[in-house]
1. Taking the full set of protein chains and a 1.4 angstrom probe, give the accessible area of A:Arg89 in square angstrom, rounded to the nearest 10.
2. Based on the alpha-carbon gyration tensor of chain A, what equivalent-ellipsoid semi-axes (square roots of 5 times the eigenvalues) come out, in whole Å, largest first?
3. In vacuo Debye scattering of the range B:141-237, one point per C-alpha: log10 I(q)/I(0) at q = 0.17, 0.24 Å⁻¹?
4. Name the residues of the range A:65-101 whose accessible area falls by at least 50 Å² when all protein chains are present instead of the chain alone, probe 1.4 Å?
5. Tell me the accessible surface of B:Met140 in square angstrom (1.4 angstrom probe, heavy atoms of protein chains only), to the nearest ten.
6. Taking chain B as a Gaussian network, where each spring joins two C-alpha atoms under 10 Å apart, which residue of B:Gly210, B:Gly83, B:Gly165 fluctuates the most?
7. Put a point 7 Å out from Cα along the line to Cβ at B:Arg36; what are the distances to that point in the other copies, in nm, shortest first?
8. Pull up all non-local amide H partners of B:Cys64: gap of 5 or more, or a different chain, and H-to-H distance under 5 Å with H placed in the peptide plane.
Number of protein chains: 2
Amino acid sequence: MAMTSVQTSPLARKLSAFVTMSDVELAALEHLHRRRRSFVPGRDMVHQGQSQQAAYILLSGWVCSYKIQPDGTRQIVDFQVPGDFLGLRSVLLRTSDHSFEPIVNIEAAEVWASDLLEAFAQTPRLATAILWAASRDEAMLVEHLVGLGRRDAEARLAHFLLELGSRLTLVGMGSKEGYDCPLTQYQLADGLGLSAVHVNRVLRQLREDGLVTVREGHVAFHDYGRLVELAGFDPAYLDETGPLLK
Amino acid sequence: MAMTSVQTSPLARKLSAFVTMSDVELAALEHLHRRRRSFVPGRDMVHQGQSQQAAYILLSGWVCSYKIQPDGTRQIVDFQVPGDFLGLRSVLLRTSDHSFEPIVNIEAAEVWASDLLEAFAQTPRLATAILWAASRDEAMLVEHLVGLGRRDAEARLAHFLLELGSRLTLVGMGSKEGYDCPLTQYQLADGLGLSAVHVNRVLRQLREDGLVTVREGHVAFHDYGRLVELAGFDPAYLDETGPLLK
DNA sequence: CGCTCGATTGAAAACTGTCAAGATACGTGG
DNA sequence: CCACGTATCTTGACAGTTTTCAATCGAGCG
């Protein structure tokens, strides 16, 4: 995945889908990408409770953020895909309450608090765009919470697969046909508040109903409309119009 | 940490517990309280999807924020108690994805985007303090999500009652003995992702185990320590040290 | 008084988790 | 090249949790 011109970072692509970005703002955004880092699965990028020095912009690969409970069970709070920020809030406010773990090999841009403050001072519209993206992330968090509280396993899984599809489509990595997805059923289970065994059963159900197939790292939608209906998927929370940039 | 000159609002009290607030900052904060409003239960303050013109600082009474699903079920995302902000993000970013409904008669201060921007410009430390409080709110949201995903009904209810107690204690409305709480079992159910019937059963269980009694608008802790253990309640996410105020 | 709302309880049904056992794929060491 | 171990996926049977349905009870209110 070569990064040749200014417009190609996933984050730039995502932000451009919602707010108009001038060349100056795009250049400032690319400048934030200057410190490249690699991480491998199996070791946390940021550990729970550890106060964080840097945020990251995910360029390629998948990450999950999670919390471990006293009894050892794990709840994945969110998955990050290319174009997503990691630890944005914590780097600005010096708080951290969960861990980040790479799911596959990842490439990321390290961003320091001083980088952000500088970029925000020089290009306020970029600041607004990034904060707006953070607000959208929180809307997804709320939707995730609603799913855990009020959707049964089938609708929850369907909703999750649809939302992930929308997010990936925004950065050119998915469509209404499907997308590549490296998540194991154990990781799905930890994200959806289910057991891995039940995730497997529900996936089979969805497949046998001709709705969606999840297999060998690929999600294939077979009947997008019917899946949307089953999930009660209303993408309004993803489609918010951008902030008023004065 | 006593406040002498300036009238103390619940929000001032809460912020003062975490960051040092000068008289100037306290005065600016109180100035944000100048537009008093009242609301009554039964009608939303802000309706789902409606773009919002104002935020509110809750002065007295309880509010819940919730989302209604296509199938009609409701998930309460959070409860607000005195000293909490309502719609802070939406007023700054013109987005809104859920509804706010008063649970009892409430008093609130209406805050316009221009008020906030003005206050932030004049007293940056106040801005940081408020944004830090918002970050703490999001940590609670995450903890709520973890509870829905990975705690059974008993631990979930116990955790909820404990967290609420901590929040109320911060504004002088609760202690380790208990607190007044106007929530019905139906509202608890919608917040905890349970049925009202099951909430009732679990409350009985907790009461018969000598842990906590919830009755007639009052929560009484009988064995705080054992309840903490049952809930797996680790208040670290509430006790974050304040932001570094440079 | 009749009405609604909230709390309460019982019984049955539905959903989801746990346990156990295979199956498949992959990488590593022999 | 094969044997083996590990990780993931898969399935069945059973247990446990939670929901749903139904009914009762008490308090507040027009």
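The values are calculated or read from the model by the stated rules, or taken from the named source; none is laboratory data. None of these values were measured; they are calculated from a predicted model. When we count neighbours, we look across all protein chains shown, and the Cβ atoms used for this are built from the backbone with ideal geometry, even at glycine. Areas reflect the complete protein model, heavy atoms only, side chains present, ligands, DNA and RNA absent. Shrake-Rupley method; radii C 1.70, N 1.55, O 1.52, S 1.80 Å.
1. 90
2. Numbers: eigenvalues 180, 88, 54 Å².
Ellipsoid half-lengths, sorted descending, are 30, 21, 16 Å.
3. -0.68, -1.50
4. A:Lys67, A:Gln69, A:Gln75, A:Arg89, A:Leu93, A:Arg94, A:Thr95, A:Asp97
5. Near enough 10 Å² of accessible area.
6. For chain B, modelled as a Gaussian network with Cα springs under 10 Å, the answer is B:Gly210.
7. Here the equivalent label points are 6.1 nm apart from this one.
8. Placed amide hydrogens put B:Gln80, B:Glu101, B:Ile103 under 5 Å from B:Cys64.
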